[in-house]
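The values are calculated or read from the model by the stated rules, or taken from the named source; none is laboratory data. None of the values given here were measured: they were computed from a predicted structure. Glycine gets a Cβ as well: all are built from the backbone with ideal geometry, and neighbour counts include every protein chain shown. Areas reflect the complete protein model, heavy atoms only, side chains present, ligands, DNA and RNA absent. Shrake-Rupley method; radii C 1.70, N 1.55, O 1.52, S 1.80 Å.
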Amino acid sequence: MHDLTTSSYHVDTEGYYGPFGGAFIPEMLYGNVEQLRLTYRAIMDEPEFQQDFHRLLRDYVGRPTPLYFAPRLSECYNTRIYLKREDLNHTGAHKINNAIGQILLAMRMGKTRIIAETGAGQHGVATATVCALVGLPCVVYMGELDIARQAPNVARMRMLGAEVRPVTSGSRTLKDATNEAIRDWINHPEDTHYIIGSAVGPHPYPDMVTRFQSVISEEIRTQLLDQTGRSNPDAVMACVGGGSNAAGAFYHFLDQPDVRLIAVEAAGLGIHSGHSAATSVLGTEGIIHGSRTLLMQTDDGQIVEPYSLSAGLDYPGIGPLHAHLIRSGRAEALSVTDQEALEGALELTRLEGIIPALESAHALAAIGRAAFQPDDVVVLCLSGRGDKDMATYIEHLDQSSETSTP
Amino acid sequence: MSRITSLFNRKRQDILNIYFTAGHPTLDSTGTIIRELSQAGVDLIEVGIPYSDPLADGPTIQASSQQALANGMTLPILLEQIREVRPDTDVPLVLMGYLNQVMQYGAERFFRDARTAGVDGLILPDLPLVEFDRTYRELLQKAGLDIAFLVTPQTPPERIRQLDAASSGFLYLVSSSAITGGNSAFGDEQISYFTRLADMDLRNPRLIGFGIADHAGYATACHYANGAIVGSAFIRALDGGQPLGQVIPAFVQHIRGPQPATSSEYSKRSTSAS
C-alpha cells in the first residue's frame, strides 16, 4: 500500500479532512481514543499484522471478491458496468473486512471484551462473527425498533454467542445504539475495544475503518487492469449511510482526478418529504458521535432522526471523509428514494440473477442518473446481499403485481 | 472577579453544586428551581442544556433531557429564563451542554448572550482541549465566562496540569470513569485518585461529581476536595411529583446532612433579596 497521506483528501495529522473530523469526545473517552490514535498506524503497518489480516481475508472471508462485468445491466444503461461483489463475502457484506481488521488490532492492544453498535444488523453479525472466531465476549447494542425489524440478524448474533442489548433511549435506532455503545466504553475504560462499523466517530475511527475497507479499491485496480487493461475506471459508485463501503471503494482513487466518485444517499420518501436520510443535502455542519461533519439537525442543534426503508442507510450523519469529498466537489452526491431502490433491486435480480442488499440497491438505482457514456467503465460497489431484505422485497413484489394486474 | 472565583475566595470547603436539566420537570420550572436551590443554601448551580444525544450522561439525565425537549426547551428560551431569574440570586450559575448546540447558536454569540443573561461559567464535556486552545479560550475570556474541564481517574498527570491550566473557576473531578448517575460508594482506587489530585497543588478548586447521591458521598467529596456536584439524585427527587418548594429544601438538607448548613450566607442573602 503506498503512502497517500500527503493528499488533501486524506486525514491530516490532527484527524481532520479539511474542516471535518477531529475527536470531540468527553474526557472519560480520552484515554481509549488516544491509545488507539497513537498505536493504530504502527500496529496496522506491522508486516505480521498485514499477514494475519490478509490471510484471514483470503481464507476466512473469501477475498478477493470478484469484479464482475454485468452484461445485461450494461446493455440496459448503455455503458460498461462492473460490480464489485462484496455481497459474496462471508456474512454477506463488506462489514466483515473492518471487523477482521479491528479484532486483530484489539487483540494486539490487549483488549479482552468487544462492543459494537448495529442498525440493520450486518455490522453486528460481522462483529459477533469475528468475536466467535477469536473467542472474545461480544456485546452488540441495537435499537429496540431495529431489533423488531431485523429479527434474522438478531438470531444470527445470538447463535454466534453475542449478547444483543436492546437500546431504549432516544429514538431507539442506530444513532442511539451508537450513543449506548459509547457510554458502555466510557464505563469500561480498561478492557474493552469498541468496533465501530462505519467511517464515522472520533479520529482515528474514520481513517482506521477506511483503511481496513480500502482492500475493496485495492482489488478493483488489479482486477480492472486484468480485465480491461487499465486500472482506473471512469467512475466508482457506492451507497453512503455512514459511508464505509464507499470509503473503501473510493480510497485508491481519491487522488486520481479523472475517476468520478459518486456517493448515493437514501432519500427515503423524497428529499424534502420530512422522511429522508440524504445528509449531504439536508445536513449542516455540527458534531455527531465525536466527529465534526454534516448531520441532520434542528436550528437548535438537536439531532434529527432520519428515515430510509433501508436500515443500513438511516444514519443522521455522514463520515467526515465523505463530507469533505462532497463539499469540496471531489465526489458527486446523488439520492435515491425507497421506491427507486426497490425497483433497482428487482432490476438487478432479473437482469443478472443477483439479489442485492437494499442499501446497495440505492447505488444501482442511481446509474441512470449519472450520465455515463457508452464506453465509460463504471465500477459499482455491491456492498451486500439481499437475504436480510427478503421480507421487504416480497412485500414490494406483491404490491407491484397487484397494481399491474387489471 | 467572577462570581465563581469570588465564591471560592470566600469559601473553600463544603461546596455543594446541584445540577438540574433545564425544562424538566416542566418548561418553566427553571426559575423556580434556581430560586429554591439558592434559598436552600446551595453554593453553585449547574444548569443542563437538554440535548438529543447526551453521550456522557446516564439514563436519569437522558430521560430528563428528553422530557425537557418534549416540553419545548430551546437554548434561546433557557437564556431568557436565566435573564429573568438572575436578579433574584447571587449564586453562580454554570451551564452544562454539548458543543453541537453551541456551534449551531454560534459560539461567539452564545458566549456573549449567556454572559449577558447572567451565566458565570460553562461545562462543555465534548470540547477538546486542542479546539479550546485554537479558538474558544479567547472567545470565553472576551465574554468573561469561566470554563471547567473534566478529569477522570485515567487522566495522566501531565494532562491534568493542562486541563487545570485551561480551566477557570473550578476543575471537575469525575469520580470514576463512568457516565453520570452511577454507583455511589467510593472505593479505595477512587480515594487514592482524589488524594493524588489533592496533592498536585492545582490552581483551581476541585469539585467531585458523578455517583454522588447522598450525604455520605457528599461528605467524602468534601473531605478529599473542595466539594461535590450532585445531579441524577436531584433529578430523581424532582421526579417524585411533590411540589418543588418542598422537595428542593428537603433534598438539600438530606445531602448536607445532620449538621446545620455552614453556608447560611447565601440563603440569608437570597432570602433578603427576594
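Structure values in brief
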read-out: Of all DSSP beta bridges in chain A, antiparallel share, percent nearest 5; value: 30 percent
read-out: Heavy-atom accessible area ranking, 1.4 Å probe, most first, across B:L163, A:L160, A:L88; value: A:L88, A:L160, B:L163
read-out: Kyte-Doolittle at least 1.0, axis length at least 15 Å by Cα - qualifying DSSP helices, chain A; value: A:122-134
read-out: Lysine pairs with alpha-carbon atoms under 25 Å apart, the protein assembly as shown, spacing 8 or more or separate chains; value: 8
read-out: Tensor-based shape of segment A:196-266 (alpha-carbon gyration tensor, a/c under 1.5 rounded, otherwise prolate or oblate); value: prolate
read-out: Per-residue mean of C-beta atoms belonging to partner chains within 10 Å, peptide B:96-105; value: 5
read-out: Cysteines not pairable in chain A (beta carbon separation under 4.7 Å absent); value: A:C76, A:C239, A:C381
read-out: Kirkwood estimate for chain A, i.e. one over the average of 1/r between Cα atoms, Å; value: 20.9 Å
read-out: Packing rank of A:207-220, B:230-243, A:130-143, where each peptide gets the mean count of other beta carbons within 10 Å, highest leading; value: A:207-220, A:130-143, B:230-243
read-out: Heavy-atom surface of segment A:283-341, accessible at 1.4 Å and reported per residue (Å²); value: 27 Å²
read-out: Relative pair counts by distance (%), Cα atoms of the protein assembly as shown, 20 Å bins; value: 19, 48, 26, 7, 0
read-out: Estimated distance in nm for a label pair at B:S2 and B:R83, the labels positioned 7 Å out from Cα along Cα-to-Cβ; value: 2.2 nm
read-out: Residue-level accessible surface for A:H275, protein heavy atoms, 1.4 Å, Å²; value: 90 Å²
read-out: Chain B, helix-only ellipticity at 222 nm - DSSP H runs n ≥ 4, -39,500 (n - 2.57), divided by all residues, nearest 500; value: -13500 deg cm²/dmol
